[in-house]
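Participant: Sharing a structure below in structure tokens format, with a few things to ask.
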Amino acid sequence: MDYIKSDIDEQLVDTYGTAVGIINPGQPYKVVIEAHADEISWFVNYISDDGYIYVIRNGGSDFQIAPSMRCNIYCENGNIVKGIFGWPAIHVREGKDPETKQENIFIDIGCSSRKEVEAMGVHVGAVAVFEADCMWLNEKYVVGRALDNRMGGYIIAEVVKKLKANKKKLPYTLYVVNSVQEEIGLRGAEMISRRLQPDVAICTDVTHDTTSPLYNKKKQGECKSGKGAVLTYGPAVQNNLLQLLIQTAKKKKINIQRSAVSRSTGTDTDSFAYSSHGVASALISLPLKYMHTTVEMVHEDDIQSCIDLMYETLLNIKSGQDFRYFS
Ligand SMILES: [Zn+2]
């Protein structure tokens, strides 16, 4: 919100933390661009007598990648306690590797009793997040944790900056929405969609680059980093809005890829599409490698494709535009 403050007219924050920047408020026709703000993490669930901390997932966190990771535990009293996910040494596993499942995964904060852990402020319900810095790979890939979906937040913010820089006046109210709670079931978008009741919603999230090792293109389709924004076909996506995106991409020579889903998109697009009486919704996805690890990876050209496609599409939406298939 701070980043776009000078580029918007009004702002609102809802009870659960979803943040909305508003441009050209008060118009009868309302358009949303959206990305989710939340990040997967862990909840402290149990502290053993000898001072080890056991966790449960908050969203789709991955037990497989936890061993030997560093983390920060955010406590009610404001303390941020450093911890590590420990793991038994290779020397002592005797050919039988322990499973990376919930009951084997634990955090060590250097304490030897529950009392000592609690004295540092750690409690059941405290949130633990992996510690992992951002970096560039080969001067074209950004690597880091929670690029799912901080990159989306960056994309919608840059669209706002571009509108402002080019002095574009929109014939409708634009809501720039950064929703909470996508990772646990698209709940923040559900809440804010009911409040805003938009006519159109263009959401952005990440999608799997399926060309890195161990993916199955026959099952998951083909999507490759560096080849552009991904447009999804599926029941929740309104086809006339999708066509507007495709035609805009063609006209402006923006690279796109296509993907299909059987039912829901699994993104906030679903929450907007099925809110109130049905909202014309579409999804622009950013290809990403290694989702829900600490080395999520996106290509800078794809980020730009997403920004340009969203920006140009907004300029093509008219006030009162009727997306119905027939009337
Ligand atoms: Zn996610």
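Participant: W42 is checked against (1) touching a strand residue (DSSP E or B) at 6+ places or on another chain (Cβ under 8 Å); (2) free of Cβ contacts under 8 Å to residues at least 40 places away in the same chain and fails just one. What number does that condition carry?
Facilitator: (2)
Participant: Give all pairs with beta carbons closer than 6 Å in which a residue from the stretch 287-305 that is touching a residue at least 40 places away in the same chain (Cβ under 8 Å) meets a residue that is part of a helix (DSSP H, G or I) and among the β-branched types (V, I, T); count only pairs at least 6 apart in sequence or on separate chains.
Facilitator: Listed pairs, sorted by first residue: T293/I65.
Participant: Which ones in the stretch 138-183 are under 21 Å from T265 (Cα atoms) and either free of Cβ contacts under 8 Å to residues at least 24 places away in the same chain or among the acidic types (D, E) (or both)?
Facilitator: Of everything in the stretch 138-183, those that are under 21 Å from T265 (Cα atoms) and either free of Cβ contacts under 8 Å to residues at least 24 places away in the same chain or among the acidic types (D, E) (or both) turn out to be D148, E182, E183.
Participant: Can you name every one of the strands (runs of 3 or more DSSP E) wholly within the stretch 1-84 that holds 2 or more residues which are away from the ligand (no atom under 16 Å from the Cβ) and buried (at least 16 other Cβ atoms within 10 Å of the Cβ)?
Facilitator: Result: 19-23, 30-36, 41-47, 52-58, 70-74.
Participant: Considering only residues that are assigned to a strand (DSSP E or B) and within 20 Å of I317 (Cβ to Cβ), which ones fall in the stretch 156-204?
Facilitator: Step one: filter the stretch 156-204 for residues assigned to a strand (DSSP E or B), giving 173-179, 200-204.
Within the stretch 156-204, T173, L174, Y175, V176, V177, V200, A201, I202, C203, T204 qualify.
Participant: If you take the residues in the stretch 196-221 that are touching a residue at least 24 places away in the same chain (Cβ under 8 Å) and farther than 14 Å from A273 by Cα, which one is surrounded by the fewest Cβ atoms within 10 Å (Cβ to Cβ)?
Facilitator: Quick first cut of the stretch 196-221, residues touching a residue at least 24 places away in the same chain (Cβ under 8 Å) only: 196-209, 212, 221.
Filter again for farther than 14 Å from A273 by Cα, leaving 205-209, 212, 221.
Numbers: D205: 25, V206: 25, T207: 25, H208: 18, D209: 24, S212: 12, G221: 17.
Among residues in the stretch 196-221 that are touching a residue at least 24 places away in the same chain (Cβ under 8 Å) and farther than 14 Å from A273 by Cα, the one surrounded by the fewest Cβ atoms within 10 Å (Cβ to Cβ) is S212.
Participant: Out of everything in the stretch 129-155 that is in contact with a Ser or Thr (Cβ under 6 Å, 6 or more places away or on another chain) and part of a helix (DSSP H, G or I), what residue ends up being surrounded by the fewest Cβ atoms within 10 Å (Cβ to Cβ)? Walk me through how you get there before you give the answer.
Facilitator: Going residue by residue through the stretch 129-155, those that are in contact with a Ser or Thr (Cβ under 6 Å, 6 or more places away or on another chain) are 129-130, 132, 145, 152, 155.
Okay, now just the ones that are also part of a helix (DSSP H, G or I), so 152, 155.
Values: G152: 29, I155: 27.
Here the residue is I155.
Participant: Moving on to the next point. When you look at T204, is it within 16 Å of the ligand (Cβ to nearest atom) and touching a Gly at 6+ places or on another chain (Cβ under 6 Å), yes or no? Give the derivation first.
Facilitator: Values: within 16 Å of the ligand (Cβ to nearest atom): yes; touching a Gly at 6+ places or on another chain (Cβ under 6 Å): yes.
When the stated conditions are applied, T204 passes them.
Participant: Let me ask something else about it. Can you tell me which condition D270 does not meet? The list is (1) closer than 17 Å to I192 by Cα; (2) in contact with a strand residue (DSSP E or B) (Cβ under 6 Å, 6 or more places away or on another chain); (3) not β-branched (V, I, T), and all the others hold.
Facilitator: (2)
Participant: Based on this model, can you work out whether A119 counts as without any contact (Cβ under 8 Å) to a residue 24 or more places away in the chain and either within 16 Å of the ligand (Cβ to nearest atom) or over 30 Å from A273 (Cα atoms) (or both)? I'd like the intermediate steps shown before the answer.
Facilitator: Values: without any contact (Cβ under 8 Å) to a residue 24 or more places away in the chain: yes; either within 16 Å of the ligand (Cβ to nearest atom) or over 30 Å from A273 (Cα atoms) (or both): yes.
Yes, satisfied.
Participant: Would a scan of the stretch 39-56 turn up a residue that is of a type in the set (S, T, N, Q) and more than 28 Å from T204 (Cα to Cα)?
Facilitator: Taking the stretch 39-56 first, the residues of a type in the set (S, T, N, Q) are 41, 45, 48.
Of the ones still in play, those that are also more than 28 Å from T204 (Cα to Cα) are 45, 48.
Yes, the stretch 39-56 has at least one match.
Participant: If W87 meets every condition in (1) part of a strand (DSSP E or B); (2) more than 16 Å from the ligand (Cβ to nearest atom); (3) surrounded by 15 or more Cβ atoms within 10 Å (Cβ to Cβ) apart from one, which number is that one?
Facilitator: Of everything listed in (1) part of a strand (DSSP E or B); (2) more than 16 Å from the ligand (Cβ to nearest atom); (3) surrounded by 15 or more Cβ atoms within 10 Å (Cβ to Cβ), W87 misses just condition (1).
Participant: Among S285, S319, S259, S276, which is part of a strand (DSSP E or B) and more than 17 Å from the chain's Cα centre (by Cα)? I'd like the intermediate steps shown before the answer.
Facilitator: Working: S285 fails: more than 17 Å from the chain's Cα centre (by Cα); S319 fails: part of a strand (DSSP E or B); S276 fails: part of a strand (DSSP E or B).
Result of the check over S285, S319, S259, S276: S259.
Participant: From S264, S285, S281, S327, grab the single residue that is within 15 Å of the ligand (Cβ to nearest atom) and farther than 30 Å from L137 by Cβ.
Facilitator: Checking each option against the conditions leaves just S264.
Taken together, the values in this text are just the output of simple stated rules run on the coordinates, not laboratory data. The shown structure was predicted, so the numbers you read here are calculated from the model rather than taken from an experiment. When we count neighbours, we look across all protein chains shown, and the Cβ atoms used for this are built from the backbone with ideal geometry, even at glycine.
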